[in-house]
Amino acid sequence: MHDLAQQIVSGLATGSIFASMALALVLIYRAMGIINFAQGEMAMFTTYIAWQLVQNGMPMWAAFGATVLVAFVGGVALERLVIRPVERAPQLTVVIVTLGLFTAFNGLAGWFWGFIVKSFPTPFPTSPLQLGGVAFSAQDLGVIVVSLVTLGLISLFFQKTKLGLAMRAAALYPEESRMLGIRVGWMLALGWGLAAVVGAISGIMIAPVVFLDPNMMQTVIVYAFAAAVLGGIESPIGAVVGGLILGVGINLLGTYVDAIGNELRLAAALAVIVVVLMVKPAGLFGRATVQRV
Amino acid sequence: MAPSEGALLEARDLHARYGEIEAIRGVDLTVARGSIVALLGANGAGKTSTLRALTGTIKTTGTVVFAGRTLQRRTPEDAARIGIGHVPEGRGTLSSLSVWENLMLGAYCVSKRASVRARCDRVIGYFPWLAERKHQPAGTLSGGEQQMLAIARALMLEPQLLLLDEPSLGLGPKIVRDIFALLRTINQQDGVSILVAEQNATVALAVADHAYVLETGRVAVSGPSSELAGNDRVRRSYLGY
Ligand SMILES: Nc1ncnc2c1ncn2[C@@H]1O[C@H](COP(=O)(O)OP(=O)(O)OP(=O)(O)O)[C@@H](O)[C@H]1O
Ligand SMILES: [Mg+2]
């Protein structure tokens, strides 16, 4: 039983990272109708910035805050400078541009920091925490708390603030929103800023576990994409639930089904998703009649 | 060109095109401060295009002077910010958002919380049912209710000028009469000037002070509503008697 509880918590920890990255993908998908293939590499790059700040002597949590700020400004700037010029181009063009960003960030990180795997300091205590007689990894619990707080704040922002409401309207109804005085282009840029922030937080949370290297987010982003599709690619709640299910699911599969083990977890998870999508093509939280007009 | 006395909006030589198609070809039009102006014309005459040209929703040439200021590069965002509320063709309902969210977005450019609240009370005074149904998704309202929501939302901006594009479209005669009566009230009580595009000339001429009739992208006839209602050509083409 103890073992099961530990496995579930550890699954929720990775799941909350998938959830965050999936949410970042959904935010941009809703606004632009495309998958930002550079999302994982943006997260990786900002994680390197956090690492550099810590190397230069900044305390871990200060580096965390500074990185979040850099990520936000960087995400906004990226949209304004790189995405905006192709905003009206066919969606395939935009997808190609995000693929270009993928290679650019990957190459730049390798060029600045090298391809050698680095360890990343954990911002959490290293000794386990006792909860109800079971020892849980403080890293896992910390990751869950930070990710859920981030997701909660983002949800509050979208539901309760005027700017969040305007961003939702701009994503769904750009023409009508402009007539109400909403600067739709800037709302899109803000969306990129937020997605970059969520990515940076995920990167910092997962780096102590997967270690720091330019390819560190590539498996994560595949899971995040799977989580988004599982939840319904247009649904932020779906992305979060999908991520958590996936995290717990693969952890349990990998631990308790001997034939699967670590190597086949990704394949097994994807197989499950294919089955779910055959039953519910729009995803768990998607509407069956989603249509972009 | 010297601006005419008392004009809130003055457009000169407006042209607009969709690719090869020239939708309007040299439209001149004036909305006097505090007045209701009707923009009449058959299908495809260029009513929607004229309203879009005024707010810069489509590519245009020509000059537009609003409240004494020449609008150089027109965009719909800026039009809203300087006080032009636009109720577009098809009502522009943000259907998956709630009635309340639609209203709040109408006040997006109003930064003072107190004015938003005051405006809200005023709008709910006109449409009391909005308060009861504020959590309902706007897309589930009936056509007439969506038209009223669109007007309410535009009023949240505290506009000096309200542009409406065929508010009667698809609605029954009773609701159409109610809506036009309401436009009259808004015009008189809040001092909002109104430019309303309509195919339903009878009902539009009944409330408008002044009217323009568009034909294939040009102003064919214009004048005070009472004169146009008596004009033979207008009667035959648009009033059907
Ligand atoms: N999006 C568009 N693309 C191409 N041509 C258009 C477009 N919208 C309008 N037009 C053309 O421009 C001309 C003027 O159309 P407009 O919509 O302004 O007329 P309208 O008076 O509003 O008509 P209705 O009463 O049907 O709304 C028409 O010839 C129409 O076919
Ligand atoms: Mg029209």
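The values are calculated or read from the model by the stated rules, or taken from the named source; none is laboratory data. Treat the numbers as computed from the prediction; the structure is a model and nothing was measured. Here the Cβ positions follow ideal geometry from the backbone for every residue, glycine too, while neighbour counts run over all protein chains shown. For accessibility, only protein heavy atoms count, side chains too; no ligands or nucleic acids. Shrake-Rupley method; radii C 1.70, N 1.55, O 1.52, S 1.80 Å.
At a glance:
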item	result
Per-residue mean of C-beta atoms belonging to partner chains within 10 Å, peptide A:13-24	0
Degrees, to the nearest 10: A:162-172 long Cα axis against longest axis of chain A	80 degrees
Protection proxy ranking, peptides A:226-239, A:163-176, B:178-191, average beta carbon neighbours within 10 Å, highest first	A:226-239, A:163-176, B:178-191
Accessible-area ranking of B:PHE66, A:PHE225, largest first, probe 1.4 Å	A:PHE225, B:PHE66
Expected 222 nm ellipticity per residue - DSSP helices of 4 or more, -39500 (n - 2.57), all of the protein assembly as shown, to 500	-18000 deg cm²/dmol
Probe 1.4 Å, accessible area per residue of chain A, Å²	45 Å²
Accessible area (Å², per residue) of the range B:31-172, counting only protein heavy atoms and a probe of 1.4 Å	39 Å²
Rounded, prolate or oblate (a/c below 1.5 giving rounded, otherwise prolate when a/b exceeds b/c) for the range B:42-189 by Cα gyration tensor	oblate
Surface accessible to a 1.4 Å probe, A:THR14 within the full protein complex, Å²	50 Å²
Dipole moment magnitude, nearest 20 debye, the range B:7-239 about Cα centre, only Lys, Arg, Asp, Glu C-beta charged	380 debye
Alpha-carbon centroids, the range A:1-52 and the range B:47-79: separation in whole Å	45 Å
Sequence of B:PHE127, A:PHE72 when ordered by accessible area, the most exposed leading, probe 1.4 angstrom	A:PHE72, B:PHE127
Computed label-point distance, nm, for sites A:LEU266 and A:ARG80 using a 7 Å Cα→Cβ extension	3.6 nm
Protein-only accessible surface order, largest first, of B:HIS135, B:HIS86 at 1.4 Å	B:HIS135, B:HIS86
Dipole of the protein assembly as shown, positive end: most advanced residue of B:ALA79, B:THR48, B:LEU228 [Cβ charges, Cα centre]	B:LEU228
Size of electric dipole in the protein assembly as shown: Cβ of Lys, Arg +1 and of Asp, Glu -1, about Cα centre, debye, nearest 20	800 debye
Average other protein chain Cβ within 10 Å of Cβ, residues B:75-83	4
Eligible aspartates and glutamates near A:LYS118 by straight Cα distance, threshold 12 Å, same-chain separation 8 or greater	A:ASP213
Normalised convex hull volume, chain A, alpha-carbon set, Å³ per residue	141 Å³
Shape of the protein assembly as shown, Cα gyration tensor, a/c cut at 1.5	prolate
Drop in accessible area of at least 40 Å² in the complex versus isolated chain, residues of the range A:174-196, 1.4 Å probe	A:GLU176, A:ARG178, A:MET179, A:LEU180, A:GLY181, A:ARG183
Rounded tilt (10° steps) of A:2-32 against the dominant C-alpha axis of chain A	10 degrees
Phi to ³J(HN,Hα) by Karplus 6.51 cos²θ - 1.76 cosθ + 1.60 over the range B:212-222, Hz, x for Gly, Pro	10, 10, 9, 9, 5, x, 10, 6, 8, 9, 8
Carbon plus sulfur fraction of accessible area for the range B:1-143, probe 1.4 Å, in percent	49 percent
Alpha-carbon centroids, the range B:140-183 and the range B:4-24: separation in whole Å	24 Å
Charge dipole (the range B:7-239, unit charges on Cβ, about Cα centre) - positive-most of B:VAL123, B:ALA208, B:ALA181	B:VAL123
Aspartates and glutamates with Cα under 18 Å of A:LYS280, excluding same-chain neighbours fewer than 8 positions away	A:GLU234
Karplus (6.51, -1.76, 1.60) ³J(HN,Hα), θ = phi - 60°, over the range B:158-168, in Hz, Gly and Pro reported as x	6, x, 7, 10, 10, 9, 10, 10, 6, x, 7
Degrees, to the nearest 10: A:218-231 long Cα axis against longest axis of chain A	70 degrees
Built amide H within the under 5 Å cut-off of B:THR63, gap 5+	B:ARG12
Sequence-distant aspartates and glutamates (8 or more away, or on other chains) whose Cα lies within less than 12 Å of B:LYS174	none
Computed accessible area, A:LYS280, all protein chains, 1.4 angstrom probe, square angstrom	90 Å²
With at most 12 other Cβ atoms within 10 Å, longest stretch of chain B clear of loop GluC sites (Glu not before Pro) (DSSP)	B:21-241
Charge dipole (chain A, unit charges on Cβ, about Cα centre) - positive-most of A:LEU264, A:PRO128, A:LEU151	A:LEU151
Subset of A:LYS162/B:LYS59; A:LYS160/B:LYS112; A:LYS162/B:LYS134 violating a 22 Å alpha-carbon distance limit	A:LYS162/B:LYS59
Shielding by partners, peptide B:50-58 (average Cβ within 10 angstrom, other chains)	1
